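So the structure is just underneath, and the comments pick up after that.
The values are calculated or read from the model by the stated rules, or taken from the named source; none is laboratory data. For clarity, every value in this text was computed on a predicted model and none was experimentally measured. Using ideal geometry, Cβ is built from the backbone for each residue, glycine included, and neighbour counts are taken over all protein chains shown. Accessible surface is based on the protein model in full, side chains and every heavy atom, while ligands, DNA and RNA are left aside. Shrake-Rupley method; radii C 1.70, N 1.55, O 1.52, S 1.80 Å.
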Amino acid sequence: MPPLELAVRSATVAILLLTGIVILRDRRHRETGPYGGLLALSVAADSIVTIVGYPLPAWLWPLQLIAAGTAALLWIWTGAVFVDDYRPSWRDAVAWAVLPAMGAYGLYAWRPWIGSVERALALLFILLAAWRIVAGLRGDLVERRRRLRPLLAALAVLYAGGILLVNMLGGTGPMGASGRIVDAALLAALASAFALFTMRGDRSPFAQAAEASRPDPDTAARPSAAIDDQEDALLARLRQLMEEEKVYRREGFGVSALVAALDVPEYRVRRLINQRLGHRNFSSFVNGYRLAEATAALADPAQVDVPILTIALDTGFQSIGPFNRAFKAHTGMTPTAYRKQADSRMQGPIQGIGQSTTEIGKT
């Protein structure tokens, strides 16, 4: 291994080991739990295996199996960080286990196709992670997380490209060596960005609340009383738009439409919804109002003959599929089952479901 590549990969291992240990130590105080620490240690294991090279000593085989699941752990970690209310399921565990299982099979019964399948699956998980990061960019109301999304997505895609480059050029020769150095540099950049985010951005709710209380540079020069009055007036106008004018019913309603209706900078709208109303993404904020209206309509005896699709469209959903999924996630039952239960009771919304719209969808 060239000295430059060895130095870069060794530095990456040091960064990741330190990051992983710190995250696992503080996992109870982190919103994403231990997943960031597990990912850091998994990438560190992968880097160590790369440094040692093949054939790998038998005593390092467990390290190789840990490293094999790195790409799937990246996908799981992006869910924990960028998808609100994310809870890993058995499907995620199975997806992660596939790669180590293939690695274990390859150690005992190597076949030429195993390496190709492993690399293809790793690339798939990396690209899925990048998609997961970018998918929620527009609706993300947590400013630090939102700013980091493009950087992490770009680094993930570049790293996937680095893997492809190394595979195409091979690991030997001048071009192959250059590709390996590029791969090492991209991994180091990704590790540094990951460490920066997890050390500064993924912190306890207390630390996030402290940062949220810092004055905005655009308003720091104004008296606090004037700022509070302006924020209160903006919040009142927001509630009027949502509760009285029901702007969420409009076709294609989104952040831009709400910003235009309030006639204030977009960052102020995002900050208001996040810090004053407690929502972490725009969809949960809007769907709270839509679902509150939908549950009331489904429990209304006067609307018993109104098709569920009509209610979904009238409350702002674009189709029945997203409405059904959001409704079941909110109430624990399908719209049809909810209506039948409400009809049988004839007492309005089911107890525990008809909460205030400002509380629905909070994360």
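Between D229 and A257, the simple label model (points 7 Å from Cα in the Cβ direction) yields a spacing of 3.3 nm. The 1.4 Å probe gives accessible areas that order Y86, Y267, Y54, largest first, as Y54, Y267, Y86. Using C-alpha pairs below 8 Å separated by at least 6 residues, the relative contact order for segment 228-326 is 27 percent. For segment 282-338, the solvent-accessible area with a 1.4 angstrom probe is 42 square angstrom per residue. Solvent-accessible area assigned to carbon and sulfur over segment 1-55 amounts to 68 percent, based on a 1.4 Å probe. Here the accessible area is traced with a 1.4 Å probe on the protein chains. For segment 284-329, carbon and sulfur cover 59 percent of it. The listed residues F327, F253 rank as F253, F327 when sorted by accessible area, largest first, using a 1.4 Å probe. Between K340 and L18, the contour length at 0.36 nm per residue exceeds the Cα-Cα span by 110.4 nm.
Between L196 and R250, the contour length at 0.36 nm per residue exceeds the Cα-Cα span by 15.5 nm. Under the rule of at least 5 residues apart or a separate chain, name every residue whose amide H is placed under 5 Å from the amide H of N281. Here the answer is L141, since their amide H atoms fall under 5 Å of that of N281. The heavy atoms of H29 present about 120 square angstrom of accessible area, all protein chains included, probe 1.4 Å.
Rolling a 1.4 angstrom probe over the protein heavy atoms with all chains in place gives segment 78-140 an accessible area of 56 Å² per residue. Sequentially through segment 310-324, phi angles give Karplus couplings (6.51, -1.76, 1.60; θ = phi - 60°) of 4, 4, 4, 5, 5, 8, x, 6, 7, 7, 6, x, x, 5, 4 Hz, Gly and Pro residues having no value and appearing as x.
Each other residue within a Cβ distance under 14 Å of G254 adds +1 if Lys or Arg and -1 if Asp or Glu, for a net charge of +2. Classify segment 1-124: rounded, prolate or oblate, from the alpha-carbon gyration tensor (a ≥ b ≥ c, eigenvalue square roots; a/c under 1.5 rounded; otherwise prolate if a/b is larger than b/c)? Here segment 1-124 falls in the oblate category.
If you take all other residues with their beta carbon under 11 Å from the beta carbon of L152, and give Lys and Arg +1 and Asp and Glu -1, the sum is +4.
Would you work out which of L18, W59, M1 lies farthest towards the positive end of the dipole of segment 1-76? Charges go on Cβ: Lys and Arg +1, Asp and Glu -1. Of the listed residues, the answer is L18. A 1.4 Å probe run over the protein chains yields, for segment 1-71, 50 Å² of accessible area per residue, whole-number rounding. Counting only Cβ charges, +1 for Lys and Arg and -1 for Asp and Glu, the dipole size of segment 246-342 around its Cα centre is about 400 debye. Using heavy atoms of the protein chains and a probe of 1.4 Å, the accessible area assigned to E244 is about 140 Å². E245 contributes an accessible area of around 90 Å² to the protein surface, as traced by a 1.4 Å probe with all chains present.
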